[in-house]
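Note sheet for the following structure.
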Amino acid sequence: MIYNATMAKSKTAKQMERHLKGMANHYRIEILLYVADNNGATLDDIITALGANEKTLGEHTRRLYVAGLVNKKYRGKFVEHALSPYGKTFVRFLQSFQKI
C-alpha cells in the first residue's frame, strides 16, 4: 500500500480499475453527467432524459452503484440516485475532459 504526504491511504491499482471500469460505457457516462445535474433522479427520470431502454439503463445504473460512483436512496417505490464522493470526482474529470 502506498501512502501520500498526509499519510492517508492511496487507492491501489485494483481499486482504481473498479472505478474506471464502472464508468467505461457511453450510457454510464451519460447517467453520471445527468445525475450530477439532477440529484435524486429516479430511474424513470434517467430513462426519460436519455431515451434508452429501461432494462439497459437499469443495468448501467446498477453497475455505477457497484463501482461506488452512484448512491441509491429508497423512497417508497422509487429509488433516488445521487453521486458518491468518487462519482463527483469522476464527473469533474469527465467535464474537464469534454472541453479538451
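Determine the pairs where a residue that is surrounded by 15 or more Cβ atoms within 10 Å (Cβ to Cβ), located within segment 24-42, has a partner that is among the hydroxyl-bearing types (Ser, Thr, Tyr) with Cβ atoms under 8 Å apart, the partner being 6 or more residues away or on another chain.
TYR27/THR56; ILE31/THR61; ALA41/TYR34
From the list PHE97, PHE78, pick out the single residue that is surrounded by fewer than 16 Cβ atoms within 10 Å (Cβ to Cβ), aromatic (Phe, Trp, Tyr) and in contact (Cβ under 8 Å) with a residue 12 or more places away in the chain. Outline the logic, then answer.
Values: PHE97 fails: in contact (Cβ under 8 Å) with a residue 12 or more places away in the chain.
Only one candidate passes the filter, namely PHE78.
Exactly one of these conditions fails for GLY68: (1) modelled with pLDDT of 90 or more; (2) under 13 Å from the mean Cα position of the chain (by Cα); (3) on the phi < 0 side of the Ramachandran plot. Give me its number.
With respect to (1) modelled with pLDDT of 90 or more; (2) under 13 Å from the mean Cα position of the chain (by Cα); (3) on the phi < 0 side of the Ramachandran plot, GLY68 is out only on (3).
Out of everything in segment 11-27 that is closer than 21 Å to SER96 by Cβ and in a loop (DSSP other than H, G, I, E, B), what residue ends up being nearest to the chain's Cα centre (by Cα)?
MET23
May I ask you to list the residues in segment 28-56 that are part of a helix (DSSP H, G or I), farther than 21 Å from GLN95 by Cβ and either of a type outside the set (Asp, Glu) or in contact with a strand residue (DSSP E or B) (Cβ under 6 Å, 6 or more places away or on another chain) (or both)?
So in segment 28-56, the residues part of a helix (DSSP H, G or I) come out as 28-37, 43-50, 54-56.
Of the ones still in play, those that are also farther than 21 Å from GLN95 by Cβ are 43-44, 47-48, 54-56.
Answer for segment 28-56, where residues must be part of a helix (DSSP H, G or I), farther than 21 Å from GLN95 by Cβ and either of a type outside the set (Asp, Glu) or in contact with a strand residue (DSSP E or B) (Cβ under 6 Å, 6 or more places away or on another chain) (or both): LEU43, ILE47, THR48, LYS55, THR56.
If you check LYS99 against the conditions, is it modelled with pLDDT under 95 and among the charged types (D, E, K, R)? Can you show your working first?
Numbers: modelled with pLDDT under 95: yes; among the charged types (D, E, K, R): yes.
Yes, satisfied.
Mind listing just one residue for me: the one in segment 7-23 that is without any contact (Cβ under 8 Å) to a residue 24 or more places away in the chain and closer than 24 Å to LEU57 by Cβ and, of those, surrounded by the most Cβ atoms within 10 Å (Cβ to Cβ)?
Applying the first criterion (without any contact (Cβ under 8 Å) to a residue 24 or more places away in the chain) to segment 7-23 yields 7-17, 20.
With the extra rule that they be closer than 24 Å to LEU57 by Cβ, the set shrinks to 17, 20.
Numbers: GLU17: 13, LEU20: 11.
By that ranking, first place goes to GLU17.
Answer yes or no: is there a residue in segment 85-93 that is within 9 Å of the chain's Cα centre (by Cα) and of a type in the set (Phe, Trp, Tyr). Lay out the reasoning, then the answer.
Within segment 85-93, the subset within 9 Å of the chain's Cα centre (by Cα) is 86-88, 90-91.
With of a type in the set (Phe, Trp, Tyr) added as a condition, the list becomes 86, 90.
Looking for residues that are within 9 Å of the chain's Cα centre (by Cα) and of a type in the set (Phe, Trp, Tyr), one finds at least one in segment 85-93, hence yes.
The values are calculated or read from the model by the stated rules, or taken from the named source; none is laboratory data. Please read all numbers here as calculations on a predicted model, not as lab measurements. Ideal geometry is used to build each Cβ from the backbone, glycine not excepted, and the neighbour counts take in all protein chains shown.
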